[in-house]
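All of the numbers you see were taken from the coordinates with simple rules; none came from a lab. Fair warning: this is a prediction, and the values are worked out from it, not measured in the lab. When we count neighbours, we look across all protein chains shown, and the Cβ atoms used for this are built from the backbone with ideal geometry, even at glycine.
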Amino acid sequence: MKDILPSIQNRFSAKSFLDKEIAGDILDRILEAGRLAPSAKNRQPWRFVVVRDLQQRQKIAHAAYNEPWLIQAPVHVAICSTNIDYKTPNGQLAYPIDLSFAASFMVLQAVHEGLACSINTTFDETEVRELLTVPYGMRIVLLLILGYSDDKPKERDRLPKGRIVSYEHW
Ligand SMILES: Cc1cc2nc3c(=O)[nH]c(=O)nc-3n(C[C@H](O)[C@H](O)[C@H](O)COP(=O)(O)O)c2cc1C
């Protein structure tokens, strides 16, 4: 029951990746974790575009201002929306929330499998859209960069619980 917390504690944003492939079954389980994520009204407004081809990854890295770890990592997953209009009953756009759940589940499965990852939103969306033939109007919410890494988790720079949690009242 308590097994998930170590994966959460072990997750960090990797800034370098080893030259090591990700086995197909591991990648499948990561994608399955995303597939099973919850979404508003269960609309599942996502498409996960997996990029393993070196040339494509190099082009994505170029669109992401040539961050070196993007070129090193063997797999990029573009977390894309398939609907950008739907709002939750309390008036919020659903897709960023839905896609964040899917990405979070994938990240945790990746860490659980011994992988490292980084989340990237610093990229030219138009350039990546063209590369991956993402339809006009759909958003590439983030790039999930996956691979093995020798990087070590940094000290967690997080607000203390007393600042972010309250009970019964704000
Ligand atoms: C929505 C989102 C967007 C992010 N975009 C980037 C990014 O473009 N480039 C980057 O280096 N890190 C990016 N990050 C990683 C954060 O900077 C990182 O999670 C944060 O500094 C905490 O560090 P940690 O992940 O090592 O715990 C992003 C994270 C999130 C959740």
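Structure data summary
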item: Net length gained if the chain between ASP28 and LEU159 were fully extended (0.36 nm per residue, minus Cα distance); result: 43.7 nm
item: Backbone HN-Hα couplings from phi across the range 41-50 [Karplus 6.51/-1.76/1.60, Hz, Gly and Pro as x]; result: 6, 6, 7, 6, x, 9, 9, 9, 9, 8
item: Residue-span extension gain [LEU93 to ASN66] - 0.36 nm each, minus C-alpha spacing; result: 6.6 nm
item: Cleavage-rule hits, chymotrypsin sites (Phe, Trp or Tyr not before Pro), the range 1-67, DSSP coil, Cβ neighbours within 10 Å at most 15; result: TYR65
item: Under 17 Å from the Cα of LYS15 - aspartates and glutamates, other chains or at least 8 residues apart; result: GLU67, ASP150, ASP151, GLU155, ASP157
item: Share, in percent, of DSSP beta bridges within the chain that are antiparallel, nearest 5; result: 95
item: Gain upon complete extension [LEU18, VAL50; 0.36 nm per residue less C-alpha separation]; result: 9.7 nm
item: 3J(HN,Hα) from dihedral phi, the range 125-134, Karplus parametrisation 6.51/-1.76/1.60, rounded to Hz, x for glycine, proline; result: 5, 4, 5, 5, 4, 5, 4, 9, 6, 6
item: Fraction of the pair-distance distribution of the range 94-142 above 15 Å, Cα-Cα pairs, percent; result: 56
item: The range 80-102 and the range 12-63: distance between their alpha carbon centers, rounded to Å; result: 19
item: Whole-Hz couplings from phi, Karplus 6.51/-1.76/1.60, listed for the range 51-56; x for Gly and Pro; result: 10, 10, 4, 4, 5, 5
item: Structure-based [θ]222 nm, the chain - -39500 (n - 2.57) summed over DSSP H runs of at least 4, per residue, nearest 500; result: -11000 deg cm²/dmol
item: Radius 13 Å from Cβ of GLY24, net charge of other residues (Lys, Arg +1; Asp, Glu -1); result: -3
item: Long-range amide H partners of PHE12 with built H, under 5 Å; result: CYS117
item: For the chain, diffusion coefficient by Stokes-Einstein and Kirkwood Rh (Cα), 4 °C, 1.567 mPa s, µm²/s; result: 76
